[in-house]
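Below: the structure, in structure tokens.
The values are calculated or read from the model by the stated rules, or taken from the named source; none is laboratory data. Just so you know, these numbers come straight off a predicted model, no measurement behind them. Note: areas computed on protein heavy atoms with side chains; ligands, DNA, RNA excluded. Shrake-Rupley method; radii C 1.70, N 1.55, O 1.52, S 1.80 Å.
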Amino acid sequence: RFEPNDYRHQARTVTEGAYANLFGANPDYYRIRLNAGDTLLAGIVYDSRLADLDLAVLDPYGQLLSASSRAGDVDLCSVQRVPLAGWYYIRVIPSLLGSGSSPYDLLIGKTMDRKKLGARRWGLYR
């Protein structure tokens, strides 16, 4: 439902919330509008037996602000108090292109309170 979104200029607009059953075979870009001082928490849940996905948050100019590249079924990125208002980008990409694909769920919130996000049900809060 978000394709095509393989490049930053094709990023699909998202808001806070959960997006289930997305597919990570190639890069996926999403964008969210933030105000200066906002906080962003993004997470993905996927099956690492199928592929290793990496998650990143980029600023309005495409510069990396936060990245999670560990192997496992859950990746998290957070940015506290973004410096300026604008569109921020969330990138989900296979760690090695062509190395496999996996469905994933994306969770986005403008809070660092994982309980408030309902992240326990997503396996993001223990």
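The value for region 1-83 of Rg(Cα) / (2.2 N^0.38 Å) is 1.08. Between the alpha-carbon centres of region 81-96 and region 17-67 there is a gap of 6 Å.
If the chain linking Ala36 and Phe2 were pulled fully straight, counting 0.36 nm for each residue of separation and taking away their Cα-Cα distance, it would gain 9.6 nm.
Amide H contacts under 5 Å for Ser66: Val57, restricted to partners 5 or more places along the chain or on a different chain, H placed in the peptide plane at 1.01 Å from N. For region 1-76, carbon and sulfur atoms together expose 47% of the accessible surface, with a 1.4 angstrom probe and every protein chain in place.
Accessible surface calculations at 1.4 Å, restricted to protein heavy atoms, place region 21-78 at 44 Å² per residue.
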